[in-house]
1. Give all pairs with beta carbons closer than 7 Å in which a residue from region 129-140 that is closer than 15 Å to Ala162 by Cα meets a residue that is in a helix (DSSP H, G or I) and among the small types (Gly, Ala, Ser); count only pairs at least 6 apart in sequence or on separate chains.
2. Could you say which residue among Val203, Val217, Val193 is out of contact with any His (no Cβ under 8 Å at 6 or more places or on another chain), part of a helix (DSSP H, G or I) and either of a type in the set (Gly, Ala, Ser) or farther than 30 Å from Trp118 by Cβ (or both)?
3. Of the residues Gly48, Gly65, which single one is farther than 22 Å from Gly137 by Cα, of a type outside the set (Ser, Thr, Tyr) and in contact with a Phe, Trp or Tyr (Cβ under 6 Å, 6 or more places away or on another chain)?
4. State which residue is surrounded by the most Cβ atoms within 10 Å (Cβ to Cβ) when the search covers only region 40-60 and only residues that are in contact with a helix residue (DSSP H, G or I) (Cβ under 8 Å, 6 or more places away or on another chain) and under 15 Å from Pro116 (Cα atoms).
5. Condition (residue is in a helix (DSSP H, G or I), in contact with a helix residue (DSSP H, G or I) (Cβ under 9 Å, 6 or more places away or on another chain), under 16 Å from Ala34 (Cα atoms) and aliphatic (A, V, I, L, M)) applied to region 112-122: is it met by at least one residue?
6. Considering only residues that are at pLDDT below 95 and among the polar types (S, T, N, Q), look in region 215-241 and name the one that is surrounded by the most Cβ atoms within 10 Å (Cβ to Cβ).
Amino acid sequence: MSRVAVVTGGTRGIGEAISIALKAAGYKVAASYAGNDEAAAKFKSETGINVYKWDVSKYEACVAGLKQVEADLGPVDVLVNNAGITKDGMFHKMTPDQWYAVINTNLNSLFNMTRPVWEGMRERKSGRVICISSINGQKGQMGQVNYSAAKAGDIGFVKALAQEGARAGITVNAICPGYIATEMVKAINPEVVAKSILSQIPVGRLGEPHEIARTVVFLASDDAGFITGSTISANGGQSMI
């Protein structure tokens with residue numbers, strides 16, 4: 001029987017690539033999204049992957065959403081916590097809304113999504129939790145105190161939970177992408193990308209979403225059973241931590 005994988009923020013950008021790669025690897029995939037119905041409908045039409053709409057910053061919404069996924073597809077074997085937002089601004093101008101919106105979506109969502117599937121994974125003595133953090137959670141970034149704090153928190157979440165899940169056959173790992181060629185990055189002025197971004201990346205290019213997706217597929221596989229509590233950097237050498 002095919003394993004079931006849930007990917008939050010799974011219909012666009014890195015999440016879209018992860019959802020497609022997991023399906024290609026034989027998983028039954030559920031891709032959650034927050035608000036872009038048009039993009040989600042297009043994604044479902046093109047890929048045949050089931051989509052579900054809920055707000056990962058709300059615990060009860062996650063419980064209800066995951067309950068529906070399990071009714072449709074079966075118990076969740078692989079959870080990819082990918083959903084994230086940015087609300088950038090210098091700290092002296094940052095508003096409480098900018099702070100809490102990012103913390104709730106990028107950090108608190110890890111509890112909201114993982115807690116409802118954790119007991120089932122423990123009972124089955126098997127599971128994979130993969131959290132998409134960021135290079136900026138490792139090194140920090142000016143103008144992103146909220147985002148960097150959340151993404152650094154993701155790494156702490158992984159390291160602690162991995163210790164709890166290990167004896168139950170559950171692995172918990174983080175991936176920290178650098179600059180990836182998503183719509184958001186491609187929208188930046190090419191001159192700015194060349195001068196301020198590519199110049200910092202030793203390999204001289206942006207990463208591709210499918211490169212992050214392949215890492216997820218590996219961590220979700222049986223071959224990665226001895227890897228837990230790890231942080232995998234995928235940033236072209238920009239930050240060697």
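The values are calculated or read from the model by the stated rules, or taken from the named source; none is laboratory data. Model, not experiment: these values are computed from the prediction. Backbone-built Cβ (ideal geometry, glycine too); neighbour counts: all protein chains shown.
1. Ile130/Ala220
2. Numbers: Val203 fails: part of a helix (DSSP H, G or I); Val217 fails: either of a type in the set (Gly, Ala, Ser) or farther than 30 Å from Trp118 by Cβ (or both).
So the residue among Val203, Val217, Val193 that is out of contact with any His (no Cβ under 8 Å at 6 or more places or on another chain), part of a helix (DSSP H, G or I) and either of a type in the set (Gly, Ala, Ser) or farther than 30 Å from Trp118 by Cβ (or both) is Val193.
3. Values: Gly48 fails: in contact with a Phe, Trp or Tyr (Cβ under 6 Å, 6 or more places away or on another chain).
Being farther than 22 Å from Gly137 by Cα, of a type outside the set (Ser, Thr, Tyr) and in contact with a Phe, Trp or Tyr (Cβ under 6 Å, 6 or more places away or on another chain) holds for just one of Gly48, Gly65, which is Gly65.
4. Val56
5. Let us first name the residues in region 112-122 that are in a helix (DSSP H, G or I), namely 112-122.
From the residues that got through so far, the ones that are in contact with a helix residue (DSSP H, G or I) (Cβ under 9 Å, 6 or more places away or on another chain) too are 112-118, 120-122.
Within this subset, residues satisfying the condition of being under 16 Å from Ala34 (Cα atoms) are 112-113.
With aliphatic (A, V, I, L, M) added as a condition, the list becomes 113.
Yes; the residues of region 112-122 include at least one that is in a helix (DSSP H, G or I), in contact with a helix residue (DSSP H, G or I) (Cβ under 9 Å, 6 or more places away or on another chain), under 16 Å from Ala34 (Cα atoms) and aliphatic (A, V, I, L, M).
6. Ranking the qualifying residues of region 215-241, first place goes to Asn235.
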